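In what follows, a structure is listed as structure tokens, so that the remarks can point back to it.
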Amino acid sequence: MKPSSIILTFLSLILPPQSIYAEEEKIEKPMTLNDCLIYARSHAHSNRICRLETDMANANKRLGASDLMPYIGLGSNGSLSFGRNIDPETNTYDNKKTLGTGFGLEMSLPLFDGLVRINNLKALKAAEIRKKKAQLVEEDRVSLEVIKSFYNISYCTSMVEQMQRQLRRDSTDLEETRHSHKLGTKSGADVAELEAIIAADQYELVNQQNLLKKAHLSLRTAMGMPQSDTYLNIDVDLNYLPFSDVTRILPEIEEADMAVKEDAMYLRAAKGGYCPKISFGAGISTSYYRMIGVKTDFPSFPRQFSDNMGEYFSLSFSLPIFDGLANANRVKKASIQLNESKIRQEQIQYQINQSAEEARLDHEAALEELTAASRRLEAEQIAYKAMRKKYELGAVSALDLYTSSSKLAQAEANLTGKRIQKVISEITLRYYQGYPLINNQ
């Protein structure tokens, strides 16, 4: 088989005339970036964990609310006495076996505890809101990761297509050089150089295809999608921007604010430990007894249940005087936690301002770099055309032509990268300006 036939056979295997996503044609509708973001919000593992943490915070809030409710309990007991004990009827000691049972219904209600339970409930409510904001923070973090992974696929796809074009150009040059060698206008060294260039192109193409597969894998991972070695069917729009005109406060700031409120409530609850505690109680109780082995008629169970019935009310008061400085240390600990939350609140606000300024600078730089990359590509296209004419006339070597072709390829890749960088920087800038990342349709 001729070398040219081998090359053409290789090209038919790695350069299908259809799109590199032909294997995904069975999917009817390609996924846009917004589709990927919506999917990730529901399926990404970290988002699902955050939703469970929010549910846990809601359960803790309900538990805190139950502490304010009265307690009602029904109890019973039974005993069998042997040996010397007190006769329930005569209240004197005897040696009879006695079977006794008791029943009671009691209720207790805290009236005042220094507002400890109320402040704890307020703290738990703030904790629930804080978890919801933390969930939004994580959703935004995942969305930004999905955006970068999504456009990384676009970049890798462009690199694969670029290497395919370069391989076609170099293969065409090789065929023309072989033909010129037969005519005596090109040397064997030119043919050898181009064959080496073809081998380098084939290696680089395989490498770029592998990077494209990894990019698809990274996007699947970021979205929480089942792993597969097939390409995702995506629809890339380099002009994508969330169209919502409603701005919001960034969830990182709201989460930090709620953390301060939560710790402030816990500090109040700790200080409430110094206050007296007052509680109210009430209940009813009854009992039944019977002497075992004694031939005596005892009142029936219903009668004893009614005759032995008793009711009670109680009001308890307690004032902590000394508890080993436990409450003082709780107050100190809560105060430290509150101060830490306030510093963290300032730190997050500072970081948000810094990130917003960096996003603005990155966007401005991306616009300038995109313009420069466009001018460079135009210049490299002109230079390549001129170098190709010189090569056809025999004025330059195949290596010079390959160098010019490589510069053109680099300029094309650089322009593609700058276009993607411009889109990502604009989305990031709008995010720090308060615009959401997802179009909720």
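The values are calculated or read from the model by the stated rules, or taken from the named source; none is laboratory data. Quantities reported herein were computed from a predicted structural model and do not represent experimental measurements. Note that we place each Cβ from the backbone using ideal geometry, even for glycine, and neighbour counts take in every protein chain shown. Accessible surface areas use protein heavy atoms only, side chains included; no ligands, DNA or RNA. Shrake-Rupley method; radii C 1.70, N 1.55, O 1.52, S 1.80 Å.
Taking mean projected area of the Cα convex hull in nm² as calculated from this structure, the corresponding entry among (i) 19.7; (ii) 24.0; (iii) 40.1 is (iii). Surface composition of the stretch 232-298: carbon plus sulfur atoms hold 56% of the accessible area, using a 1.4 angstrom probe and ignoring ligands, DNA and RNA. Between the stretch 288-344 and the stretch 209-235, the C-alpha centres lie 61 angstrom from each other. Figure note: 93, 39, 431 ranked by solvent-accessible area, largest first, 1.4 Å probe, ligands and nucleic acids not counted: 93, 39, 431.
With everything on Cα atoms, drop me the angle between helix 326-392 and the longest principal axis of the chain, reported from 0 to 90° to the nearest 10. In the chain, helix 326-392 runs at an angle near 10 degrees to the longest axis. Residues 149, 79, sorted by accessible area with the largest first, give 79, 149 [1.4 Å probe; ligands and nucleic acids excluded]. Separation of the stretch 376-433 from the stretch 103-129 is 69 Å, based on Cα centroids.
Within the shell of other residues whose beta carbon sits under 11 angstrom from the beta carbon of residue 429, the net charge comes to -2, with Lys and Arg scored +1 and Asp and Glu -1. Neighbours of residue 272 by Cβ distance under 14 Å: Lys/Arg scored +1, Asp/Glu scored -1, total +3.
Within the stretch 275-357, the chymotrypsin sites (Phe, Trp or Tyr not before Pro) that combine a DSSP coil assignment with at most 12 other C-beta atoms in a 10 angstrom radius are 322. Relative to the dominant Cα principal axis of the chain, helix 33-43 is inclined by about 30°. Using a 1.4 Å probe over the heavy atoms of the protein chains, calculate the carbon and sulfur portion of the accessible area of the stretch 373-417 as a whole percent. Ligands and nucleic acids excluded, carbon and sulfur reach 56 percent. Which chymotrypsin sites (Phe, Trp or Tyr not before Pro) in the stretch 193-260 pass both tests, a DSSP loop state and at most 12 other beta-carbon atoms within 10 Å? Hits after loop and neighbour filter: 243. A DSSP coil position with no more than 16 other Cβ atoms inside 10 Å describes none of the GluC sites (Glu not before Pro) in the stretch 339-441.
Considering only beta bridges that DSSP places wholly inside the chain, some 95 percent are antiparallel. Taking every protein chain into account, the accessible area of the chain amounts to 58 square angstrom per residue (probe 1.4 Å). Farthest towards the positive end of the charge dipole of the chain, among the residues 355, 115, 183, is the Cα of 115, using unit charges on the Cβ of Lys, Arg, Asp and Glu. The share of accessible area on the stretch 158-230 that comes from carbon and sulfur is 56 percent, using a 1.4 angstrom probe. With everything on Cα atoms, drop me the angle between helix 398-432 and the longest principal axis of the chain, reported from 0 to 90° to the nearest 10. In the chain, helix 398-432 runs at an angle near 30 degrees to the longest axis. Within the shell of other residues whose beta carbon sits under 11 angstrom from the beta carbon of residue 82, the net charge comes to +3, with Lys and Arg scored +1 and Asp and Glu -1. In a simple Cβ point-charge model (Lys, Arg +1; Asp, Glu -1; nothing else charged), the chain has a dipole of about 1000 debye relative to its Cα centre.
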